[in-house]
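S.K.: Please see the structure below; I have some questions.
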Amino acid sequence: MYDGEGQPGRNDECWCGSGRKYKKCHLETDERLQQLYEQGFEVPARGLLKTPADIEGIKKSAAVNIGVLDYVAERIGPGTTTGEIDRWVYDYTVEHGAVPAPLDYEGYPKSVCTSVNEVVCHGIPSDDEVLAEGDIVNVDCSTVLGGYFSDSSRMFCIGEVSPEKQELVRVTRESLDKALEHVKPWGLIGDVGRAVNDFAKEHGYSVVREFGGHGIGLEFHEDPFVSFVAQAKTGMVLVPGLVFTIEPMINLGAQEIDMSDPNGWTVRTKDGSPTAQWEIQLVVTEDGYELLSW
Ligand code: MF3
Ligand code: CO
């Protein structure tokens, strides 16, 4: 078929592991995907589509990931160091039988990313970094459990935060709802990104181009790349079983970023303006989507 893999006979077992006959399972979907491919659409390889067993595994991983962020939410405040957050994440995760996915990922030195104020993403926790009243911070947690990956992030406002920053955090959160309106079978990933972009621009903000969401499940980062500067009516076709993240980075000022930090990780806004990010993980279902991690 379009993805270079074979097609079972109508009465053979479906490739997805459901145990059902192919004609009662993925046959119709596959033929529609084949047609879309022939019409020039970007179509997910069937290997990207998660089986019900995969989804169960991802949900167990996500339960820990959600738990970690809830644990952080209960404790974070003025005086917390980002190094402390890193230890909370590590301890909670391993106590629940899982491993923080960032630790040693491509040489990343800690268990979580903590991105404060003008830090766009990949802030490295440190005992020298004390959160103060008025800061906004993204805590980005990723977990691997039983070989399954989960990934989500939240913003936290430390004490009393300026109305300007509060609004940035709120609008970025709401941009996810705009994105989710486009997540349904046979939708296009470009429409998901475009919805975020339009909403951010309406509020006078800019959207980071260099980073985006991603497929996830059996690996930390899989196809597709989910851009938030995408054009409408472009990109990968959404199909039940596709698991990916939505994680826009939205700047109060200009969209340019600075990646020159000598640590090789920390990304900042070029103009030093505050920036926000929220991340959720979901699976496309027969009638829309189901959130997996938040
Ligand atoms: N959690 C990030 C994401 O959403 C990835 C961080 S990679 C790390 O994709 F190594 F910096 F942790
Ligand atoms: Co992610």
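S.K.: If V72 passes every condition in (1) surrounded by fewer than 16 Cβ atoms within 10 Å (Cβ to Cβ); (2) within 24 Å of Y148 (Cβ to Cβ) but one, which one does it miss?
M.R.: Going through the list (1) surrounded by fewer than 16 Cβ atoms within 10 Å (Cβ to Cβ); (2) within 24 Å of Y148 (Cβ to Cβ), V72 breaks only (1).
S.K.: I'm trying to understand the selection: among the residues of the stretch 108-123, which are surrounded by fewer than 24 Cβ atoms within 10 Å (Cβ to Cβ), of a type in the set (A, V, I, L, M, F, W, C) and in contact with a helix residue (DSSP H, G or I) (Cβ under 8 Å, 6 or more places away or on another chain)?
M.R.: V116
S.K.: Here is a follow-up. So how many residues does the stretch 28-47 have that are touching a strand residue (DSSP E or B) at 6+ places or on another chain (Cβ under 6 Å) and in a helix (DSSP H, G or I)?
M.R.: 1
S.K.: Name the single residue, out of those in the stretch 237-288 being hydroxyl-bearing (S, T, Y) and touching a residue at least 40 places away in the same chain (Cβ under 8 Å), that is surrounded by the most Cβ atoms within 10 Å (Cβ to Cβ).
M.R.: Of the stretch 237-288, the ones hydroxyl-bearing (S, T, Y) are 245, 260, 266, 269, 273, 275, 285.
Narrowing further to those that are touching a residue at least 40 places away in the same chain (Cβ under 8 Å): 245, 266, 269, 273, 275, 285.
Values: T245: 22, T266: 19, T269: 23, S273: 17, T275: 29, T285: 15.
Once the filter is applied, the top-ranked residue is T275.
S.K.: Answer with yes or no whether P8 is modelled with pLDDT of 95 or more, within 26 Å of the chain's Cα centre (by Cα) and surrounded by 14 or more Cβ atoms within 10 Å (Cβ to Cβ). Give the steps one after another, and end with the answer.
M.R.: Details: modelled with pLDDT of 95 or more: yes; within 26 Å of the chain's Cα centre (by Cα): no; surrounded by 14 or more Cβ atoms within 10 Å (Cβ to Cβ): yes.
Here the answer is no, as P8 does not meet what is asked.
S.K.: Which number in (1) assigned to a helix (DSSP H, G or I); (2) out of contact with any Asp or Glu (no Cβ under 9 Å at 6 or more places or on another chain) marks the one condition that N65 misses?
M.R.: Checking N65 against (1) assigned to a helix (DSSP H, G or I); (2) out of contact with any Asp or Glu (no Cβ under 9 Å at 6 or more places or on another chain), the one that fails is (2).
S.K.: Here is a list: G235, G241, G272, G190. Which entry is among the small types (G, A, S), under 26 Å from P125 (Cβ atoms) and at pLDDT 95 or above? Spell out the reasoning first.
M.R.: Working: G235 fails: under 26 Å from P125 (Cβ atoms); G241 fails: under 26 Å from P125 (Cβ atoms); G190 fails: under 26 Å from P125 (Cβ atoms).
Answer to the selection: G272.
S.K.: Does at least one position in the stretch 253-267 carry a residue that is assigned to a strand (DSSP E or B) and within 16 Å of K201 (Cα to Cα)?
M.R.: For the stretch 253-267, residues assigned to a strand (DSSP E or B) and within 16 Å of K201 (Cα to Cα): absent.
S.K.: Which one is farthest from A276 (Cα to Cα) among residues in the stretch 111-130 that are part of a loop (DSSP other than H, G, I, E, B) and within 16 Å of ligand 2 (Cβ to nearest atom)?
M.R.: S111
S.K.: Filtering the stretch 84-110 down to residues that are touching a residue at least 60 places away in the same chain (Cβ under 8 Å) and not in a loop (DSSP other than H, G, I, E, B), which residue is farthest from ligand 2 (Cβ to nearest atom)?
M.R.: Among those that are touching a residue at least 60 places away in the same chain (Cβ under 8 Å) and not in a loop (DSSP other than H, G, I, E, B), it is G107.
S.K.: Say we look at the stretch 195-223 and pick out the residues that are assigned to a helix (DSSP H, G or I) and over 25 Å from T29 (Cβ atoms); which of these is nearest to ligand 1 (Cβ to nearest atom)?
M.R.: Taking the candidates together, the pick is V196.
S.K.: Go through the stretch 64-83 and give me each residue that's out of contact with any helix residue (DSSP H, G or I) (no Cβ under 8 Å at 6 or more places or on another chain) and either under 30 Å from G4 (Cβ atoms) or touching a residue at least 24 places away in the same chain (Cβ under 8 Å) (or both).
M.R.: N65, I66, L69, A73, G77, P78, G79, T80, T81, T82, G83
S.K.: Scan V226, V284 and give me the residue that is in contact with a Phe, Trp or Tyr (Cβ under 9 Å, 6 or more places away or on another chain) and either modelled with pLDDT under 95 or within 13 Å of ligand 1 (Cβ to nearest atom) (or both). Spell out how you get there, then give the answer.
M.R.: Numbers: V284 fails: either modelled with pLDDT under 95 or within 13 Å of ligand 1 (Cβ to nearest atom) (or both).
Answer to the selection: V226.
The values are calculated or read from the model by the stated rules, or taken from the named source; none is laboratory data. Not measured: the values here are computed from a predicted model. Every residue, glycine as well, gets a Cβ built from its backbone with ideal geometry; the counts of neighbours run over all protein chains shown.
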